[in-house]
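Structure, as C-alpha cells:
Bear in mind these aren't lab numbers, they're just calculated from the coordinates by the rules spelled out. Every value quoted in this text rests on a predicted model; they were computed, and no experiment measured them. Every residue, glycine as well, gets a Cβ built from its backbone with ideal geometry; the counts of neighbours run over all protein chains shown.
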Amino acid sequence: MGDFDDLLAANKTFGETFSDGGFDGIAHAGVLVVTCMDSRIEPLGMLGLKLGDAKILRTPGGRVSEDTLVGCILGVHLLRVNRIMLVPHTRCAMASGDDASIAAAVLERNDTDIRGMRLGASPDQANALRYDVQLLRTHPLITGRAKVGGFMYDVDTGLLEQLS
Ligand SMILES: [Zn+2]
C-alpha cells in the first residue's frame, strides 16, 4: 500500500473533469501505430490525432512481436484499422546493440541474467524496420486490408521520416 498513492491521487483529479465516458473503442482515424515504449514518444500528439483516433501498440524498440501481430490482426478486422504505421526512433536503447549485448549489459549492471531471452534488439534499425513492414504487408490476415508504412521518429526534432 502506498506505492501508487501519487498516481491514484492524480487519477482522482483526472476523473473530476473526465468527459469521454461511453465512447467506443473503434480507431476513428483508421490508424494503428506500433512504436517503442520510450518515454520521449507521444504517439497521438506527433500525428495530430486525439483520443479515440488510433490504436497504439508499444514494444521495446517498436518491433512487431507476437502480441503486436495479434493487435494488428484484431485492429484490421474489428476496429476499423486501415493504415498501420511502424515507428522506431532515433537514440533507441534497443538499437544500441543486439540481444546478446543488451543481456550482457543487464547482467553487468544488475547481476540479473536474461541471456537467451528474445528481446528484438538490433543495431540495424532500418533493416529491422524493413523486415517488420514486410512481415505485416505480406501477412495473409492483413494484406489487402491495411496499408503498412515504416517510419523513423527523431526524438530530438519530433519529426517522422518514411523509410519504407
Ligand atoms: Zn526505443
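Worth a mention:
- Projecting the Cα positions of VAL106, GLY149, THR17 onto the charge dipole of the chain (unit charges on Cβ atoms of Lys, Arg, Asp and Glu, taken about the Cα centre) puts GLY149 furthest along the positive direction.
- Judged by the mean number of other Cβ atoms found within 10 Å, the most tightly packed of the peptides 112-120, 10-18 leads the ranking 112-120, 10-18.
- Near the amide H of ILE56, within less than 5 Å, lie the amide hydrogens of VAL33, all on another chain or at least 5 residues away, with H placed in the peptide plane.
- Between the C-alpha center of the stretch 12-36 and that of the stretch 111-138 there is a gap of 29 Å.
- Estimated dipole of the stretch 24-162 in Debye, rounded to 20 [Cβ of Lys and Arg +1, of Asp and Glu -1, Cα centre]: 560
- Computed [θ] at 222 nm, deg cm²/dmol, the chain (DSSP H ≥ 4; -39,500 (n - 2.57); rounded to nearest 500): -10000 deg cm²/dmol
- The alpha carbons of the stretch 24-162 give a radius of gyration and a Dmax of 15.4, 47 Å, in that order.
- ³J(HN,Hα) computed for each position of the stretch 132-137 - Karplus, 6.51 cos²θ - 1.76 cosθ + 1.60, integer Hz, glycine/proline x: 5, 4, 4, 4, 6, 4
- Considering only VAL81, VAL70, THR35, the residue lying farthest towards the positive end of the dipole of the stretch 1-100 is VAL81, judged by Cα position with unit charges set on Cβ.
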